[in-house]
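The values are calculated or read from the model by the stated rules, or taken from the named source; none is laboratory data. As the structure is a computational prediction, the values presented were derived from the model and not from experiment. Ideal geometry is used to build each Cβ from the backbone, glycine not excepted, and the neighbour counts take in all protein chains shown. What goes into the accessible areas is simple: the full protein's heavy atoms, side chains included, and nothing from ligands, DNA or RNA. Shrake-Rupley method; radii C 1.70, N 1.55, O 1.52, S 1.80 Å.
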Amino acid sequence: MNDSITHAPLSASSLDQATDAAIRLIPPVWSLASSVAVNPFLGQTSESLAEAGARLGRVSGTKVTMPAAWYLDRISSGGISDATLAAALDASRHQNKPDTVDQLKALAAQPQAQPSQALTVAEIAADKMTIDWPGVIADRFGTWASGYFDEGQALWAAPRGRSAWSAWCAYATHDLTPEIIGLGGFGQFVADAPEKAADAIARATESLGLEEDMLENCFHQLLLSFGGWSQYARTQLWKAELAGETDRTLADFLAIRLLWEEALLKLGPASVATQWLEARAAHAGKIAPTDQAVAAEILQEAVERAVQQKLSFALATPAPEHNDNRPALQAAFCIDVRSEVFRRALESLDPGVQTIGFAGFFGLAASHRSFASDVEELRLPVLLNPGVTSSSGGKDMSDKELSRRYTLRAKRAWGRFKLAAVSSFAFVEAMGPVYVGKLLGDALHLRKQKPASDPAPQFDPALDLDTRIGAAETVLRAMSLTENFARIVLIAGHGANVVNNPHASGLHCGACGGYSGEVNARLLAGLLNDKTVREGLVERDIHVPADTLFVAGLHDTTTDTVSLYAQDQPASGNTSELKQTQTWLSAAGEIARGERALRLPRADKAGDIPARARDWAEVRPEWALAGCSAFIAAPRSRTSGTSLSGRAFLHDYAWEADAKNGYGVLELIMTAPVVVASWISLQYYGSTVAPEIFGSGNKMLHNVVGGIGVFEGNGGLLRAGLPIQSVHDGENHAHEPLRLSVCIEAPQDAMNDILRRHDGVRALFDNKWLHLFAMDSNGHLSHRYVGDLRWEPFSENGGEALQQTGT
């Protein structure tokens, strides 16, 4: 036993601060049932890309930019001009940046050094004992965590009600694997551990000889080594803090990982302690990016500036003449980039068709209970708490609901019988032939997927009249839809109807918490068709014609079909208009499928698309949000008729009307939809540039664990992030890793005022995790935000002259 490395105990406050700081550096991840995109750099937005890369390089050896050859190819092909490189170089704030463009290119052409990763005791022990201790720790921890967090997949659930630290100690005390592999006395070492996790952290920190300036970096590294398990535990804290509470699960994880370090140090050979004495110093000291890392950040910005120039040219395309006549159809879609293709196709069919972009939860942050279910589905952005509760069905459907519950119980019982330890063997032998028809139907893609068809949702409990009127006014003003209503106004949520895809919820609506958007759309349509609500809106200067019918729909982004829920509303005189709407939607779907087929592997024409949703072997049923690069908040007339190739989030916004109300809608856009879009963009970015830690690996090797996430293989770390198939087509990247360009038609002073009041949002722009642009009244990019509440005129050749405004 090695007791040679000790250090004076650190104060409890120092340990708590370092623990909390390390926890904040771990991004959350939601379970498969309702997964949403998450910014993997969430805890590092106060740093620049190069600084964040230096931190991640020290703890994981990971780079956060593409290989140098990727940038050099774009320079040599002319995709990035010297003027753009010079502008990006001039914009860099790093002291150790190159002096000239030639020096920048020379740095990029040099052999690229790998980040110098600090070692853990486990890695040292792996070298000295020739045993893969990091792999052993990942495997044993993953085995325990999959049972502890199980959400219904396991037939025999693990005991509940204990802290993660207490439950793991009880498990590890009796886990003989470490001792069999070569760590004698491990079980007793765990049994003798302190009862409280905080005490275990304090003891291990002292045993490892960690000094105060080593703590945050070391703790971050150890939490990161648990992969997706740490991210899932971080989600528990995220949810608790939204509810005004707290959660200690991730702190317990740190105690567990530190105990492994302590055990390997004390129970392993003396050579482990000797090397650790030297290696621990790497955790101390200021984290600063290398010259090459700074150069890579500059090259990344140059790529983004080149794309921004292309966007500027696209937005400069003259828009079709504005039509002041009453629209033949108004259709509101989610701002999701997939909607851009469909909206453009729909508008091309008739000049009287007008589309609107709005966040897909349509302003109704609902906690919803589906028909015959007691599960609360949070159909809202994960940044928010529920504002309303709703349910499908009512007292008049109690008999149908009871029958449905019996049916679902029978299905669950049958499913468990098929998988039970004993009956599963007999089941395969006896019932296999019965499933021949189903197997053939699935294999030949004959089984058609049906959209969600629950009874119409309703607010439960019902909202009082003033609340309903207020909600309707808020939503309509936020949609910039307060006049000139069409006879049919479509409210289209979106989802993806696919088979055999554990990541299916990731294809649904991020603004609806990873669920499809039909519930929110149907709730809003019902609210806006309420006669008493419309009467109340008149007093608030919003006149909805009596012949206007709001109809909910669901846009299936995999097949580009739109299902209408016209049955939710009472009979009206809009039958012919509804029929015409369905005709337009069908035609638009055919156009959109044809455009999407050009990007998808093994698809040549529109007719190849629908079968992908029913193909249980298809790893790329759609590209989801791959390719996203811009967010535009402006009147639709600024982008109408312009192809943005399914790469832009489009949010309708009219600042002149919003100015009368103190820019409340602008503040909502910049603090909610923009932030959600940044999570999506940066998840795709992280999964592309650093798939080892921010991606979930190969879909072909995935196994679902606990109903939470996936293993890549049959055990080990939970893998979070996007599968490689979501960003790569097998030969090339389908997603170009770019930080999102946010373009807003609004006064710079108004945007500055919002940034002053929201530090978290300001950090995203000040540290260039997002780029911010002001648009002029013609829809052209006029100014670039350069940080510290300063703007400069936008130049299409990439070189802007600094001009301080709005400070």
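Key figures
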{"item": "Among the candidates 295, 279, 200, residue that is closer than 22 Å to residue 13 by Cβ, aliphatic (A, V, I, L, M) and more than 27 Å from the chain's Cα centre (by Cα)", "result": "200"}
{"item": "All positions within segment 483-500 that are within 21 Å of residue 577 (Cβ to Cβ) and either assigned to a loop (DSSP other than H, G, I, E, B) or in contact with a Pro (Cβ under 8 Å, 6 or more places away or on another chain) (or both)", "result": "483, 484, 485, 486, 487"}
{"item": "Residue in segment 352-366 that is part of a helix (DSSP H, G or I) and surrounded by fewer than 22 Cβ atoms within 10 Å (Cβ to Cβ) present", "result": "no"}
{"item": "Conditions (1) more than 28 Å from residue 681 (Cα to Cα); (2) in contact with a Leu (Cβ under 7 Å, 6 or more places away or on another chain); (3) β-branched (Val, Ile, Thr); number of the one not met by residue 562", "result": "(1)"}
{"item": "Matching residues in segment 395-418 - criterion: being in contact (Cβ under 8 Å) with a residue 40 or more places away in the chain and surrounded by 14 or more Cβ atoms within 10 Å (Cβ to Cβ)", "result": "397"}
{"item": "Members of segment 600-649 that are outside any loop (DSSP other than H, G, I, E, B) and either out of contact with any helix residue (DSSP H, G or I) (no Cβ under 8 Å at 6 or more places or on another chain) or over 23 Å from residue 303 (Cβ atoms) (or both)", "result": "606, 607, 608, 610, 611, 612, 613, 614, 633, 636, 637, 638"}
{"item": "Check on residue 387, open to solvent by 60 Å² or more (accessible area, probe 1.4 Å), more than 27 Å from residue 155 (Cβ to Cβ) and not aliphatic (A, V, I, L, M)", "result": "yes"}
{"item": "Selected residue (criterion: nearest to the chain's Cα centre (by Cα)) from residues of segment 69-80 that are surrounded by fewer than 20 Cβ atoms within 10 Å (Cβ to Cβ) and in a helix (DSSP H, G or I)", "result": "70"}
{"item": "Long-range neighbours under 8 Å by Cβ, at least six apart or interchain, first residue among the basic types (Lys, Arg) within segment 291-316, second part of a helix (DSSP H, G or I)", "result": "305/84; 305/87; 305/88"}
{"item": "Only one of 477, 447 that is under 33 Å from the mean Cα position of the chain (by Cα), open to solvent by 50 Å² or more (accessible area, probe 1.4 Å), modelled with pLDDT under 95 and not small (Gly, Ala, Ser)", "result": "447"}
{"item": "Residue within segment 259-279 that is surrounded by fewer than 17 Cβ atoms within 10 Å (Cβ to Cβ), out of contact with any strand residue (DSSP E or B) (no Cβ under 8 Å at 6 or more places or on another chain), of a type outside the set (Val, Ile, Thr) and free of Cβ contacts under 8 Å to residues at least 40 places away in the same chain present", "result": "yes"}
{"item": "Segment 312-342, residues that are out of contact with any Lys or Arg (no Cβ under 9 Å at 6 or more places or on another chain), part of a helix (DSSP H, G or I) and open to solvent by 10 Å² or more (accessible area, probe 1.4 Å)", "result": "313, 314"}
{"item": "Elements of type helices (runs of 4 or more DSSP H) in segment 143-238, at least 3 residues being open to solvent by 60 Å² or more (accessible area, probe 1.4 Å)", "result": "177-181, 197-208"}
{"item": "Tabulated pairs, segment 544-571, first within 29 Å of residue 600 (Cβ to Cβ) and among the hydrophobic types (A, V, I, L, M, F, W, C), second at pLDDT 95 or above and surrounded by fewer than 18 Cβ atoms within 10 Å (Cβ to Cβ), C-beta under 7 angstrom, 6+ apart or interchain", "result": "564/582"}
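Every residue, every condition in (1) at pLDDT below 95; (2) open to solvent by 20 Å² or more (accessible area, probe 1.4 Å); (3) more than 26 Å from residue 279 (Cα to Cα), yes or no:
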| residue | (1), (2), (3) |
| --- | --- |
| 23 | no, no, no |
| 30 | no, yes, yes |
| 38 | no, no, yes |
| 50 | no, no, no |
| 56 | no, no, no |
| 60 | no, yes, no |
